[in-house]
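Q: This is the structure I want to talk about, given as structure tokens.
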Amino acid sequence: MVSRRDLLRTGGAAALAGLAGCTAVLGGGSGTETGLRLDTIDVAGSPGGPIAVHPPNEVALLDFWATWCAPCKPQMAELRAIRQRFPDLHMLSITSETDVDAIQAFWRTYDGTWPVATDPDLEASEAFEVRRIPTLIVFDATGTEQWRHVGLAAAGTIADAIRDAGP
């Protein structure tokens, strides 16, 4: 039997997306990890190099996405609006993809202005129990998950969740 991780690593994510929209099943997990770090891609708004997925004592917004995910494209405009409203928010988009050129092209096409990280081993997906994309998660400063949404979310809804999560 092929595991979900194996399916994603071998390009099965696109096949799953074709069968089930962009709600391809990712790995499972056992909770949050504030010490987790991922490598970011050097592209508009993203510095390149390692970054904390959820720094301690900060409200954070995590966005799990993929270049082949149809709802992830319009989600970018909503996330840009969030970046404008909350410029100091720790905001990180995470993809399991490894094709840096494809990620950079997507980021430029959809005007990403915040860090984008790769998670080829699904560490963050498993740590935060992300099973479908797109998934958005807001954490308060103590690291407690305050809000989770699967699918396209409006900027106003995301902003409300961020305000509810803390200062």
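Q: So which residues in segment 124-152 are surrounded by fewer than 22 Cβ atoms within 10 Å (Cβ to Cβ) and either part of a loop (DSSP other than H, G, I, E, B) or aromatic (Phe, Trp, Tyr) (or both), if there are any at all?
A: Passing the criteria: Glu129, Arg131, Arg132, Asp140, Ala141, Thr142, Gly143, Thr144, Trp147, Gly151, Leu152.
Q: State all residues of segment 126-158 that are under 16 Å from the mean Cα position of the chain (by Cα) and of a type in the set (Gly, Ala, Ser); if no residue qualifies, say none.
A: Scanning segment 126-158 gives Ala127, Gly151, Ala153, Ala154, Ala155.
Rundown of residues vs (1) without any contact (Cβ under 8 Å) to a residue 40 or more places away in the chain; (2) out of contact with any Phe, Trp or Tyr (no Cβ under 9 Å at 6 or more places or on another chain); (3) not β-branched (Val, Ile, Thr), yes/no style:
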residue	(1), (2), (3)
His54	no, no, yes
Thr67	yes, no, no
Cys72	no, no, yes
Thr98	yes, yes, no
Asp101	yes, yes, yes
Tyr110	yes, yes, yes
Ala127	no, yes, yes
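Quick note: the coordinates plus some simple rules give every number you see, no bench work behind them. These numbers come from a predicted model, not from an experiment. For neighbour counting, all protein chains shown are included, and Cβ atoms are generated from backbone atoms with ideal geometry for every residue, glycine included.
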